[in-house]
1. Would you grab the residues whose amide H sits under 5 Å from the one on Arg168? Only those 5+ places off in sequence or on another chain, please, with H modelled 1.01 Å from N.
2. Run the numbers for Val90 and Thr65: contour at 0.36 nm per residue of separation, minus the present Cα-Cα distance, in nm.
3. Each residue of segment 194-200 in turn: what ³J(HN,Hα) in whole Hz from Karplus with 6.51, -1.76, 1.60 and θ = phi - 60°, glycine and Pro shown as x?
4. Taking amide H positions as placed 1.01 Å from N in the peptide plane, with prolines and chain starts having none, which residues 5 or more places from Leu103, or on another chain, fall under 5 Å of its amide H?
5. Describe numerically, in nm with one decimal, the distance between label points set 7 Å from Cα along Cα→Cβ at Gln197 and at Thr154.
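Nothing in this text is a laboratory measurement; each read-out follows from the coordinates by a stated rule. Source: prediction; values computed, not measured. Because the Cβ atoms are built from the backbone with ideal geometry, glycine has one as well, and the counts that use them run over all protein chains shown.
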Amino acid sequence: MAVYDLGSSAAEWADWAGPCAVAVEYGAGPVTRVLGFAVRVGGVASIEESAAEIEAEIAAILDRTGADVVDVVARGSGALVVHHALTRPVRGAPPPVRTLVSLGPFWAGTEVLGLAAVADLNRRIGIYDALAAVERPLVAPFCVSCGQVVARSTFLRSVSAATAAGVRYVDIVSATDGIAAPAAGAAPRGRQVVVVQDVDPTSTVDHGGLAGDAVVRRLAIDVTRNGDR
């Protein structure tokens, strides 16, 4: 099963095959729902709402295939969505996931455009809550999760620091990601980290190119094929 990043769609997995053949759509915001015929942008609903959708998608895949468990490959904020579904399920028991392979995960969020630094400054001078109250109604129709993935956001501070029981976590990260903040100390404990440049020193793959990169794709599929090893 493949889970895309914020602001993307299942189309980003078009070149994948084998274990990641099932690419799901999730996380449509209000504007996306209205303009769905013209704009295919997902992952913009709240991470909590998206996680509930992912739980339902996993259940549907298991019902359809008769499998007992799934492997998941998720890019960027998609990894946060799956992790939230595993650690705070709305259906009772966590969804049966064997391996979560995260491509450039946002365990530490993103520092892009200096948004995290601005938010930190607003907190220090005591205007963060007031500004958030004004901004939320303006941003929410377009992207609820955008604020959640900013480094040191209230949401990220609440994310469980432990891996879900029985799930193997493997992070595939690029030194030239450019979007995902370094996850040292922020990722769930007990995960394996694979740096693309340790495998291919010439790689300059950035965050947006992770799903389409041949080396990343091979690494991710090898992980899922190896199962629990």
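1. Amide H to amide H, under 5 Å and 5 or more residues apart or across chains, Arg168 pairs with Thr99, Leu100.
2. This chain segment gains 6.7 nm when fully extended.
3. Taking θ as phi minus 60°, the curve returns 10, 9, 4, 5, 6, 8, 9 Hz for segment 194-200.
4. Ala74, Arg75, Gly76, Ile172
5. Here the answer is 3.7 nm between the modelled labels.
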